């Protein structure tokens, strides 16, 4: 027991160093759906209530719950703030935007205000310009996810999807180029970005990679003798994690299997805790690739939220799913390319065995435990 407390308490002071850079929940997104192919463009803009609470304040009685009355009473403030951070234009003209209704919709990570917008933009504009800056000054991970469609209700229509970010706050949509290839490209980039800012997925992957350059002998971790076994172990881990999360990602976005978002997020955190502690006290008589597969099934449900919440057509959803998955894998491979050579070179040092492997695993376990508590009880401890 003393050894367990020592291994946990020693890095506790260092845990705060992770608090400023780690994010445990689904990144902040808004969803802008633009409809062309009619006399004038119309749009629906979904903005998370938690983001609006941060931006302008909605919870008047400070009881932790936002009611419809509180939301409706702030309609003018919401409209003014939102429209001050969105511009639509075509050719050299800027469109006039008017919010005609305020609704509420439920997404995977909570309730969203839905602004129904009418414009004076022509519905057949060949090039549509979008300038977007909501939350960029406060949250650099925020994304504006755009869906342009002129499908007239066709469920198999090909839609144009785009991602607005602090680095790319302005885009031009060529409305005649809503091709499958463009949708695929957009979501490859989104998949890479999602894995790089999905710190819970990264920490899980690192927990599996940390022992890749070590071998367990007589209950002790010792360095591998050659690079090939380490490389082979990493290939198995990444491949099985890919297969596992691809299965459940597909099941989730096709809505064959649906699980409560809170349960999924808490279980993802639990998977990190178990894997990290198993590095310190290897009691699971399972190879790393099998652990990757088992818990990868849960992580796939976590990846699905990005695609589910945008409301893509069936055809666009299928190709976006493929592109997103490719992007996730490219993001994972980038992590492996950076981590594995370094880990192999220092595997036989006290620095790797004590600081990177043991201390790193303990820190990850602590952060993941806090994440799990936050997700189970809707609490806020770390403040991010």
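For region 113-136, the condition holds for at least one residue, the condition being that it is at positive phi and in contact (Cβ under 8 Å) with a residue 60 or more places away in the chain. Go through region 172-184 and give me each residue that's touching a strand residue (DSSP E or B) at 6+ places or on another chain (Cβ under 7 Å), crowded, with 16+ Cβ neighbours inside 10 Å and modelled with pLDDT of 80 or more. Passing the criteria: 173, 175.
Mind checking which residues of region 96-111 are in a strand (DSSP E or B), in contact (Cβ under 8 Å) with a residue 12 or more places away in the chain and farther than 13 Å from residue 82 by Cα? Result: 100, 101, 103, 104, 105, 107, 110, 111. Yes or no: region 278-290 includes at least one residue that is surrounded by 14 or more Cβ atoms within 10 Å (Cβ to Cβ), touching a helix residue (DSSP H, G or I) at 6+ places or on another chain (Cβ under 9 Å) and within 30 Å of residue 160 (Cα to Cα). No, that holds for no residue. For region 88-111, residues that are modelled with pLDDT of 95 or more, buried (at least 16 other Cβ atoms within 10 Å of the Cβ) and within 18 Å of residue 46 (Cβ to Cβ) total 4.
The set of residues in region 206-225 being assigned to a helix (DSSP H, G or I) and over 16 Å from residue 341 (Cβ atoms) consists of 207, 208, 211. Among the residues of region 344-365, the ones that are over 19 Å from residue 229 (Cβ atoms) and either surrounded by 19 or more Cβ atoms within 10 Å (Cβ to Cβ) or in contact with a strand residue (DSSP E or B) (Cβ under 7 Å, 6 or more places away or on another chain) (or both) come to 6 in all.
Considered as a group, the residues in region 234-263 that are assigned to a loop (DSSP other than H, G, I, E, B) and within 18 Å of the chain's Cα centre (by Cα) include one that is surrounded by the fewest Cβ atoms within 10 Å (Cβ to Cβ), and that residue is 260.
The values are calculated or read from the model by the stated rules, or taken from the named source; none is laboratory data. The structure displayed is predicted, hence computed values, not measured ones. Here Cβ is always computed from backbone atoms with ideal geometry, including for glycine, and neighbour counts include all displayed protein chains.
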